Amino acid sequence: MRVLFVDCDEVLNSTEHPGQHLPNLEYGSTEYYTQELDPFHIAVLNDIAEKTGAVVVLSTSWRTGRPLNHLRETFKIANFKGFIIGDTPRLYRDPEGRTFQRWEEIKLWLDHARPGAFCILDDIDDMGPLSDHHICTTPERGLLPEHVEQAIEILNR
């Protein structure tokens, strides 16, 4: 199984492609979040998923406070054609008060599921020991067509 760990903000939206931001949508509704996913970036994600057969695990902060089914519906409305099989656990702080990093949440998921290959799509630049599997996007540009070949190469290792 090939897995794409996907963040939303600054990956599936960006300052160049900010989404539609339609007025009068209830904050927190599926439709509200659908507008935050830009069609340009969703098309790139679709391309990666189609060319690699990878499934998606959401690692985005959007998973906090929203059921997975809500997020699946949001992606479906935004025209994502692939499969979202789950999300990473949300770790907050350890007993000493240290905040967990996103890569630690991803690693916990990996340790449990053990996929064959994985790629992380995220604007956070520190993925610790998972850096070789990471494509770092920028807030200005998000997920781009040139990232497709990078993702294919990572997932074919």
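Only the coordinates and a few stated rules stand behind these numbers; no lab work does. Remember, it's a predicted structure, so these values are computed and weren't measured experimentally. Cβ sites come from the backbone with ideal geometry, for glycine too, and all protein chains shown count toward neighbours.
Annotations
- Over the chain, equivalent-ellipsoid semi-axes from the Cα gyration tensor in Å: 23, 20, 15
- Peptides 1-9, 104-112 ranked from most to least packed give 1-9, 104-112, packing being the mean of other C-beta atoms within 10 angstrom over each peptide's residues.
- Projecting the Cα positions of H147, P39, G82 onto the charge dipole of the chain (unit charges on Cβ atoms of Lys, Arg, Asp and Glu, taken about the Cα centre) puts G82 furthest along the positive direction.
- Beta bridges per DSSP with both ends in region 2-155, % antiparallel, nearest 5: 5 percent
- Sequence-distant residues sharing a close amide H with F5 (under 5 Å, placed H): V57, C119, I120, L121
- Percent breakdown of C-alpha pair distances by 5 Å bin, ordered from the shortest bin, for region 98-157: 4, 18, 26, 25, 17, 8, 2, 0
- Taking the centroid of alpha carbons for each part, region 105-157 and region 58-85 are 18 Å apart.
- Using θ = phi - 60° and Karplus 6.51 cos²θ - 1.76 cosθ + 1.60, couplings along region 3-12 (whole Hz; Gly, Pro as x): 10, 10, 8, 10, 8, 9, 5, 6, 10, 9
- Net dipole in debye of region 2-155 [+1 Lys, Arg Cβ; -1 Asp, Glu Cβ; about Cα centre; nearest 20]: 640 debye
- Remark: T88, T99 ranked as T99, T88, counting other beta-carbon atoms within 10 Å and listing the fewest first.
- Highest-MSF residue in the chain out of D132, D38, D122 [GNM, Cα springs under 10 Å]: D132
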